[in-house]
Structures are given as C-alpha cells and as structure tokens.
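Read the figures in this text as sums done on the coordinates, not as results from a lab. Treat the numbers as computed from the prediction; the structure is a model and nothing was measured. Ideal geometry is used to build each Cβ from the backbone, glycine not excepted, and the neighbour counts take in all protein chains shown.
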Amino acid sequence: MNAQPRNPDRRRPLHTLLCRTAALWADATVAARVVARAAVTVAIAGGVFASGLPAQARGLKVYISADMEGIAGVVTGSQLGPTGFEYGRFRSFMTAEVNAAIEAARAMGATEILVSDSHGNGENLLVDELPQDIQLVRSWPRPLMMMQGIDETFDAVLLIGYHASTANPEGVRAHTFSSANLTAVRLNGVDMMEASVSAAIAGDFGVPVVMISGDDAVVEEARARIGDMEGAVTKWHYGFHSARTLMPEASRSLIGERVRAALGRLDDFRPMRLEGPLELEISFKNYMPAELMAYLPNVDRVDSHTIRFVGRDMTEISKFIEFTTSYAVNVTP
C-alpha cells in the first residue's frame with residue numbers, strides 16, 4: 001500500500017486561505033479549483049455559518065457503495081432477495097440508511113453524490129425514495145463492480161450495509177462476492193473482503209474509504225485490512241444467521257453521526273493503494289470452475305479449486321472478478 005496524504009491546507013483559517021487564494025487568482029484554472037474545493041474554517045461562536053452548515057469543506061464529492069447484509073435487522077435470506085418474505089420492507093430500510101448517509105454528507109458540505117446499488121441484482125434501492133438530485137448506479141455487470149463510477153474527482157467513499165469476508169469465521173452472512181460459489185479471494189496472498197476490494201479500487205484513483213456500516217465483525221475486519229475509518233455498528237453477530245440488532249431509526253441516526261465524524265476529519269484518511277502487478281487467487285467450492293478457467297492463457301490453476309490471475313492494476317483485477325462471477329455461456333441478451 002502506498003498512502004498519499006491529502007491537502008494539509010484544507011482546514012486553515014479563513015484569513016490564511018483568502019491570502020493564498022488571492023495569490024493564485026492570476027491563474028484562472030487554479031483559482032477555480034480553490035473556489036470550488038477550498039475548505040473554509042470560521043471561528044464564530046462554535047464554528048458555524050449563519051446557514052447552519054459546519055464551517056469546513058465545501059463542494060465535497062462523495063461516493064456511496066451500498067450493500068444489504070449489513071443493514072440493521074438483516075440476518076437471513078428472508079430479507080435479502082425478491083423471494084424473501086421480508087425483502088420489500090428491508091429494501092425500504094436499506095434505502096433509508098443510504099439516505100441517512102446522504103443527509104449527513106450534505107450537512108458536511110457534499111454537493112455531488114453518486115450511489116452504487118451493490119447488492120444482489122443491483123436493483124434494491126427504491127429510486128423514488130432517494131433524493132432526486134443524486135445519481136445512482138444499478139444492475140450488473142460493471143467493470144468496477146461495487147465501485148462503478150468512482151474516479152479521481154471524488155473526495156471520499158462511504159460503505160453502507162457491508163459484511164465480513166468469506167475468510168472470517170464471524171459475521172452475519174459473511175462472504176466475498178459469492179457465498180454460493182467462492183471460498184476465498186486473495187490479493188498478493190492476503191485474504192480480501194468486499195470492502196477491501198472496494199477500497200483498493202478507490203485507492204487506484206486516490207480516494208480514501210472514510211466510513212463503513214455493518215455488523216461488528218465487518219467494522220473490525222475493515223479497520224484491520226484497510227486502515228483507520230469511522231465505523232457504524234448496526235448489529236452484533238451471534239452467528240452466520242443471528243444477531244442482536246439496532247432498530248432502523250437508531251441505525252440511521254448512528255450512520256449519520258459516523259458520516260459527519262468521517263467527513264469532519266478527511267485529512268486523517270489515506271487511500272488504500274496497491275501497486276501492481278497484483279496476483280489474484282480465487283478459490284471455488286467446486287472443481288469444474290477452476291478446471292475450465294485454467295483453459296484461459298492468462299490463468300493458472302494453483303490447486304483443484306483455485307486459480308491465479310495477474311493484473312496490472314485494480315481495474316484489471318476488478319474486471320476479472322466480475323467476469324469470473326458473472327459469465328455463463330447462456331447469458332442473454
């Protein structure tokens with residue numbers, strides 16, 4: 001990992017920033033960026049503008065990737081897919097938790113927000129219940145998977161409703177990309193979770209993951225694998241299909257609190273950069289996928305269930321994982 005520091009001038013006092021801005025005014029391109037992105041700190045009775053917004057970064061661009069297993073109350077497949085008897089209700093709860101993150105991000109100065117619906121069929125979030133001035137990534141396949149649309153113009157990534165990895169013996173519905181088909185996903189010999197893959201993709205563009213929500217297992221694992229971030233624990237696992245959970249409103253309140261805390265200390269976070277070449281290993285539950293994938297000239301079969309692929313960067317790794325988990329000869333249209 002090669003962590004790149006963010007701009008240390010982001011929260012300098014107003015008079016200092018104005019002086020710097022004046023000096024740069026001759027360069028129209030630089031000046032425009034300063035005006036659009038500058039962090040403004042005003043020491044007025046608690047540090048807020050008359051508008052009531054926190055006196056810090058303005059014009060933030062925030063990416064939100066939303067999964068479902070980490071949403072408060074989710075414990076089994078009954079909440080997670082169209083055939084589940086509680087799925088309809090939990091789509092609403094998922095949407096509400098994403099909205100809590102959006103509202104908190106806006107309170108901290110976010111003006112552009114892109115949300116990725118990253119669970120199941122990618123069509124879970126209720127579009128008529130989301131703010132109509134955000135944008136939404138839906139359905140599959142996607143070259144950057146759960147991070148489709150991320151680029152270097154974003155300031156921060158928020159992961160909502162995430163879960164622990166398939167290598168983790170703890171956590172509600174713990175898996176990595178496919179609970180039905182995969183038993184391990186490793187990069188350079190390190191077990192990966194969906195959150196760390198998402199963080200590494202964002203890191204390729206210099207964008208840090210600053211906050212995650214989900215059960216206690218995913219928050220602990222994400223901090224260990226990715227680094228410092230704010231965590232909203234929505235439930236405490238007892239097993240793969242059991243947990244003690246917050247109620248929906250309490251979960252939304254906690255998510256908002258943690259998002260505000262994260263965006264209030266952006267200078268503290270670093271992108272998760274993985275320098276290429278990157279060696280990806282994927283282990284399957286069955287023999288045949290490994291046998292057939294090894295027919296590809298750029299894929300090696302490591303053992304009866306495991307293949308290896310080497311990519312130049314996280315974009316290549318992401319595309320390969322998406323192909324591996326999505327391709328079928330009868331795929332249509």
_Stretch gain in nm, segment Ala107-Arg312, where the contour uses 0.36 nm per residue and the Cα spacing is subtracted_ = 70.0 nm
*With the Cα gyration tensor of the range 148-235 in hand, give its eigenvalues times 5 under a square root as the equivalent ellipsoid semi-axes, listed largest first in whole angstrom.*
20, 16, 11
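Just check the range 60-268 against the gyration tensor rule for me: Cα atoms, a ≥ b ≥ c as the square roots of the eigenvalues, rounded for a/c under 1.5, and otherwise prolate or oblate depending on whether a/b exceeds b/c.
rounded
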*Could I have the simple spin-label model distance between Asp268 and Ser78, label points 7 Å from Cα toward Cβ, reported in nm to one decimal?*
3.9 nm
*asked:* Checking the a/c ratio against 1.5 first, then a/b against b/c, what shape does the Cα gyration tensor give for the range 175-214?
replied: oblate
_Cα-based radius of gyration of the range 278-326 once divided by 2.2 N^0.38 Å, which approximates compact folds_ = 1.04
*State, to one decimal in nm, how far the label point of Ser304 lies from the label point of Glu279, with both points 7 Å from Cα in the Cβ direction.*
2.3 nm
_DSSP-assigned coil residues among trypsin sites (Lys or Arg not before Pro) in the range 238-270, each with at most 15 further Cβ atoms within 10 Å_ = Arg265
*Just how far, in whole angstrom, is the range 282-320 from the range 263-280 if you go by their alpha carbon centroids?*
25 Å
_Cα-projected label distance for Ala294 with Glu220, points at 7 Å along beta-carbon direction, nm_ = 3.7 nm
*For Lys285, which lysines qualify as cross-link partners when the Cα separation must be under 24 Å and same-chain residues fewer than eight apart are set aside?*
Lys319
